[in-house]
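J.: Pasting a structure here, questions to come.
The values are calculated or read from the model by the stated rules, or taken from the named source; none is laboratory data. Note that the structure is predicted; figures quoted are calculated from it, not measured. Here the Cβ positions follow ideal geometry from the backbone for every residue, glycine too, while neighbour counts run over all protein chains shown. When the accessible area is computed, the model is the full protein with side chains, heavy atoms only, and any ligands, DNA or RNA have been set aside. Shrake-Rupley method; radii C 1.70, N 1.55, O 1.52, S 1.80 Å.
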Amino acid sequence: ALWCLVFFYLLFDCICNAYAEMTCFADREFYDDWWNATDLSQFNRRWNKLVHMFLHRHVYLECLNIYKMNTYNSMMMTFFVSAILHELGLCLLIKLFRPWMSILMISQIPLISFGKKFLRNTTFGNIFFWASTLTGNCFIFILYNREYISEFNRLD
């Protein structure tokens, strides 16, 4: 789980700010206070504002305006597109397709509903968020590491 925080720091506080400095990009709000999230929907909106704004503008609003979906279906479509794009990025990175991340992201939907209903703006909600984030990221790492080793480091 420590590697996730190190990666977050390197990406958002070092790389994005260095790029913003080189391009004279003044608005450097790349993330909000995701560590204070009390449910997974708050985390998904806060931890990567660039991706959130892209998905909101190009998937959510398009589903609402062009395809005339209701807000719930537009939100679900945005979530599925996000899961697919995350899986695609990981597949390109490790050159291996195993849909574990998409399955686990989609399995967050009941947790998001549960968090919105019972845990929003509570201390227990933040504890539940941290526990699910730490265990979920470690579980994804273990699954993909296992698959990568079995695929590319055979002894025969």
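J.: What are the pairs, 6+ residues apart or on separate chains, where a residue within the stretch 51-71 that is within 18 Å of residue 83 (Cα to Cα) has its Cβ under 9 Å from a residue that is outside any helix (DSSP H, G or I)?
T.: So the pair list comes out as 63/69.
J.: Given the criterion open to solvent by 50 Å² or more (accessible area, probe 1.4 Å), over 30 Å from residue 149 (Cβ atoms), touching a Cys at 6+ places or on another chain (Cβ under 8 Å) and at pLDDT 90 or above, identify the matching residue among 53, 77. Spell out the reasoning first.
T.: Values: 53 fails: touching a Cys at 6+ places or on another chain (Cβ under 8 Å).
Criteria check complete, one pass: 77.
J.: Inside the stretch 105-126, can you point out the residues that are open to solvent by 50 Å² or more (accessible area, probe 1.4 Å) and assigned to a helix (DSSP H, G or I)?
T.: Residues satisfying the conditions are 106, 110, 111, 113, 114, 116, 117, 118, 123, 124.
J.: Being part of a loop (DSSP other than H, G, I, E, B), in contact with a helix residue (DSSP H, G or I) (Cβ under 8 Å, 6 or more places away or on another chain) and of a type outside the set (Lys, Arg) is true for just one of 139, 97, 129. Which residue is that? Talk me through it step by step, then tell me what you get.
T.: Working: 139 fails: part of a loop (DSSP other than H, G, I, E, B); 129 fails: part of a loop (DSSP other than H, G, I, E, B).
Among 139, 97, 129, only 97 is part of a loop (DSSP other than H, G, I, E, B), in contact with a helix residue (DSSP H, G or I) (Cβ under 8 Å, 6 or more places away or on another chain) and of a type outside the set (Lys, Arg).
J.: Looking at the stretch 127-150 only, could you name the residues that are surrounded by 12 or more Cβ atoms within 10 Å (Cβ to Cβ) and farther than 22 Å from residue 83 by Cβ? Spell out the reasoning first.
T.: Let us first name the residues in the stretch 127-150 that are surrounded by 12 or more Cβ atoms within 10 Å (Cβ to Cβ), namely 127-130, 132-134, 136-141, 143-144, 146-148.
Within the stretch 127-150, 127 is the sole residue that qualifies.
J.: Follow-up question, since we're still on this one. From the list 90, 10, 5, pick out the single residue that is in contact (Cβ under 8 Å) with a residue 12 or more places away in the chain and assigned to a helix (DSSP H, G or I).
T.: Working: 10 fails: in contact (Cβ under 8 Å) with a residue 12 or more places away in the chain; 5 fails: in contact (Cβ under 8 Å) with a residue 12 or more places away in the chain.
So the residue among 90, 10, 5 that is in contact (Cβ under 8 Å) with a residue 12 or more places away in the chain and assigned to a helix (DSSP H, G or I) is 90.
J.: Return the pair list, or none, for Cβ contacts closer than 9 Å from residues in the stretch 128-156 that are within 19 Å of residue 105 (Cβ to Cβ) to residues that are modelled with pLDDT of 90 or more and β-branched (Val, Ile, Thr), at least 6 apart or on different chains.
T.: Qualifying pairs under 9 Å: 128/38; 128/122; 129/38.
J.: Show the residue pairs that are 6+ apart or on different chains and have beta-carbon atoms under 7 Å apart, the first residue being within the stretch 33-46 and open to solvent by 40 Å² or more (accessible area, probe 1.4 Å), the second being at pLDDT 90 or above and of a type in the set (Lys, Arg).
T.: 33/46
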